[in-house]
Amino acid sequence: MTTDLSSTATALFEKMRATNPLVHCITNYVAMNYAANVLLAAGASPAMVHTPEESGEFAAIAGALTVNIGTLSPHWVEGMIAAAQSANAAGKPWVLDPVAHFATRYRRDVVAELLKLNPTVIRGNASEIIALAGGQSAGQGVDSGDPVEQAEGAARALATAQKAVVAVTGEIDFVTDGTRAVRIAGGSPLMPKITAMGCALTGLVGAYVAIAKDQAFEATIAALTNFAVAGSFASQSANGPASFMTAFVDGLHSLDATTFNDTARIEAL
Ligand SMILES: Nc1ncnc2c1ncn2[C@@H]1O[C@H](COP(=O)(O)OP(=O)(O)OP(=O)(O)O)[C@@H](O)[C@H]1O
Ligand SMILES: Cc1ncsc1CCO
Ligand SMILES: [Mg+2]
């Protein structure tokens, strides 16, 4: 079973690299530069396009859209909604990253609007996913205060209610489509010590769903595995969070299919 999952993820990794998908990213000010570098190193082609004057038009031509609510303002929200509507109309998959959506009234309202636009994949940390399913989370701002295991029930419920793939990230990631579920191990304890690592991952999920839009569950698993494998590799040479950032980008760039397959730790539940 694990072998099947790993070989599917590895095949999607090779396809993503060969395809160099155009990924429309609407992400936050903190993440924009690092996320774009992560996508380029991984083999995708990111474009950060947020203003409503052009976001709808762009979403229709990109392979996938990703929307991250990290640093919100009304003009950006208009751009997010226009882009998600256009992605839906064009049959393009889109990924929602509900950063700290529970923290303020404004964020809660915006995330409720975005959920109505049927994201293909929702990717968040454990606190974000627990709160999105209506539970009480221990999250503080953008950082998770809950273990992933505690969010697994919430993720399944949210996936079923939204008819979406839900990915919960942390020490061991969890992915479900409401019926199937896997855990993905790997990565490094330095990953939550670098801002925007999750935001960059959301962009990479976009790259994978762009090349496998009818396999959003498998594509999400492949993206998270790509991060886990490159993170394990980077931890061998990093001295701390700052050097990890560069080692991780280098690791994504130098990764080959054999190492991907040999290092992948995906467990079906
Ligand atoms: N303790 C850990 N050990 C290994 N990998 C981790 C750990 N914590 C997080 N990760 C990895 O870091 C990446 C980002 O996940 P995380 O849950 O930290 O996102 P996030 O909280 O949304 O981040 P941000 O909002 O700062 O961008 C994922 O690939 C996840 O597997
Ligand atoms: C630190 C931070 N603040 C708003 S978005 C963001 C990036 C991590 O989610
Ligand atoms: Mg986040």
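Quick note: the coordinates plus some simple rules give every number you see, no bench work behind them. From a predicted model like this one, the values you see are computed outputs, not experimental measurements. Glycine gets a Cβ as well: all are built from the backbone with ideal geometry, and neighbour counts include every protein chain shown.
Can you compute the label reach from M48? Point 7 Å from Cα along the Cβ direction, backbone N cut-off under 14 Å, restricted to the stretch 178-215.
Only 196-197, 199-201, 203 fall inside the zone, counting backbone N under 14 Å.
Classify the stretch 23-74: rounded, prolate or oblate, from the alpha-carbon gyration tensor (a ≥ b ≥ c, eigenvalue square roots; a/c under 1.5 rounded; otherwise prolate if a/b is larger than b/c)?
oblate
So if each residue of separation counts as 0.36 nm, and I subtract the Cα-Cα distance between V30 and K163, what length gain in nm does that give?
So the extension gain works out to 44.9 nm.
With the Cα gyration tensor of the stretch 63-128 giving a ≥ b ≥ c as the square roots of its eigenvalues, does the rule (a/c under 1.5 for rounded; else a/b larger than b/c for prolate; else oblate) give rounded, prolate or oblate?
oblate
Taking every DSSP beta bridge that has both residues in the chain, what percent is antiparallel when rounded to the nearest 5?
40
Would you kindly calculate the translational diffusion coefficient of the chain, applying Stokes-Einstein with the Kirkwood radius from alpha carbon pairs, for 10 °C and a viscosity of 1.306 mPa s, and quote it in µm² s⁻¹ without decimals? Working shown, then result.
Values: Rh = 17.8 Å.
Translational diffusion coefficient: 89 µm²/s.
Which chymotrypsin sites (Phe, Trp or Tyr not before Pro) from the stretch 15-89 combine a DSSP loop assignment with at most 11 other Cβ atoms within 10 Å?
Listed in order of number, the matching sites are Y29.
When a/c reaches 1.5 or more, the comparison of a/b and b/c decides; with that in mind, is the stretch 2-137 rounded, prolate or oblate per its Cα gyration tensor?
Judged from the Cα gyration tensor, the stretch 2-137 comes out oblate (a/c at least 1.5, b/c at or above a/b).
Let me have the 222 nm mean residue ellipticity of the chain computed from DSSP H runs of 4+ only, each contributing -39500 (n - 2.57), with the sum over all residues rounded to the nearest 500. All intermediate terms of the calculation are to be shown ahead of the outcome.
Working: 11 runs with 141 residues, N = 269.
Using -39500 (n - 2.57) per qualifying helix, the result is -16500 deg cm²/dmol.
Roughly what % of DSSP beta bridges within the stretch 1-159 run antiparallel, to the nearest 5?
Of all bridge pairs located within the stretch 1-159, approximately 5 percent are antiparallel.
Once label points are set 7 Å from the Cα along Cα→Cβ at both L40 and L269, what is their separation, rounded to one decimal in nm?
That separation, rounded to one decimal, is 3.7 nm.
Would you mind telling me which residue in P98, P46, P192 has the biggest mean-square fluctuation in a Gaussian network model of the chain, where springs connect alpha carbons within a distance under 10 angstrom?
Residue with maximal mean-square fluctuation among P98, P46, P192: P192.
So how do 35-44, 139-148, 4-13, 216-225 stack up, highest first, on mean other-Cβ count within 10 Å? Walk me through the intermediate numbers first.
Numbers: 35-44: 22.3, 139-148: 16.7, 4-13: 19.6, 216-225: 27.9.
By packing density, highest mean first, the sequence is 216-225, 35-44, 4-13, 139-148.
With θ set to phi - 60° and the Karplus curve 6.51 cos²θ - 1.76 cosθ + 1.60, what are the ³J(HN,Hα) couplings of the stretch 100-114 in order, to the nearest whole Hz, using x for Gly and Pro?
Values, residue by residue: 6, 5, 7, 6, 9, 4, 4, 4, 4, 5, 5, 5, 5, 5, 5 Hz.
Who wins for biggest fluctuation among M16, M48, M80 in a Gaussian network model of the chain, springs between alpha carbons below 10 Å?
M48
Between the stretch 23-51 and the stretch 208-269, how far is it from one alpha carbon centroid to the other, in angstrom?
Each part reduced to its Cα centre gives a spacing of 17 Å.
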